[in-house]
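Novice: Encoded as structure tokens, here's the structure I'll be asking about.
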Amino acid sequence: MLVGDGERCVLAHEPRFPERMYSTLAGFVEPGEDIAAAVRRETREEVGLEVVDVRFHSAQPWPFPHSLMLGCLAIAPHGRLVVDATEIADARWLSRSEVRSMLEGTHPEGLWVPGPQAIAYWLIRAFADGHPATGAEHPPPATNR
């Protein structure tokens, strides 16, 4: 899920990620929970933000049985991030221009994002291309589905 405030988005670095790689937040839907509720809960748990709107973006093939990989865009008012250190090493609000530089491999701190094989890339790309966090659907090309 890509969480943003319309001008900035939150990307996180998990301890298992390669050095300086940042990605979208991720989580699981609990039994009895719908997708939007899962996005709200996971965002609150992982970075302490209250999501006010959730939109489905796209899906990705996933190799594990009984699992789906769904991508959502969510809006949360800009606020202080309270990171769950058991899951996330660092999380940041990043501007659209910073995100573009991460996609282009030119970020001044050497930060980068997953490649186009990952649904996170397409969520990040949608934001970088100017879509607000809850803007119009911008699914990945058919070859990625």
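No lab work stands behind these numbers, since they all come straight from the coordinates. Model, not experiment: these values are computed from the prediction. All Cβ positions, glycine included, derive from the backbone under ideal geometry; neighbour counts span all protein chains shown.
Novice: From Cα pairs below 8 angstrom and at least 6 apart in sequence, can you work out the relative contact order of the chain, rounded to a whole percent?
Specialist: Numbers: 278 pairs, mean separation 47.1, N = 145.
For the chain, the relative contact order is 32 percent.
Novice: When a/c is below 1.5 the answer is rounded, else prolate if a/b is larger than b/c, else oblate, so apply that to the chain with a ≥ b ≥ c taken from the square roots of the Cα gyration tensor eigenvalues. Spell out each step's value before the answer.
Specialist: Values: a/c = 1.27, a/b = 1.11, b/c = 1.14.
The shape class here is rounded.
Novice: Could you give the size of the charge dipole of the stretch 2-144 about its Cα centre, using +1 on the Cβ of each K and R and -1 on the Cβ of each D and E, expressed in debye and rounded to the nearest 20? Mind showing how you got there, number by number?
Specialist: Values: 12 positive and 20 negative charges, 56 e Å.
Result for the stretch 2-144 is approximately 260 debye, rounded to the nearest 20.
Novice: For the stretch 2-144, give me the percentage of DSSP beta bridges that are antiparallel, rounded to the nearest 5 percent.
Specialist: Values: 16 of 20 bridges.
The antiparallel proportion sits near 80 percent.
Novice: Counting GluC sites (Glu not before Pro) as exposed when in a DSSP loop with at most 14 other beta carbons within 10 Å, what is the longest stretch of the chain free of them? Let's see the in-between values first.
Specialist: Details: sites that count: Glu7, Glu19, Glu33, Glu50, Glu109, Glu137.
Segment 51-108 is the longest.
Novice: While we're here: Rounded to the nearest 500 deg cm²/dmol, what is the calculated helix-only ellipticity per residue at 222 nm for the chain, with -39500 (n - 2.57) per DSSP H run of length n ≥ 4? Show your work: numbers first, answer last.
Specialist: Details: 3 runs with 32 residues, N = 145.
When only DSSP H runs of four or more count, the value is -6500 deg cm²/dmol.
Novice: Which one of His107, Cys72, Val47 is farthest out on the positive end of the charge dipole of the chain, using unit charges on Cβ (Lys, Arg +1; Asp, Glu -1) and the Cα centre as origin?
Specialist: The one lying farthest along the dipole's positive direction is His107.
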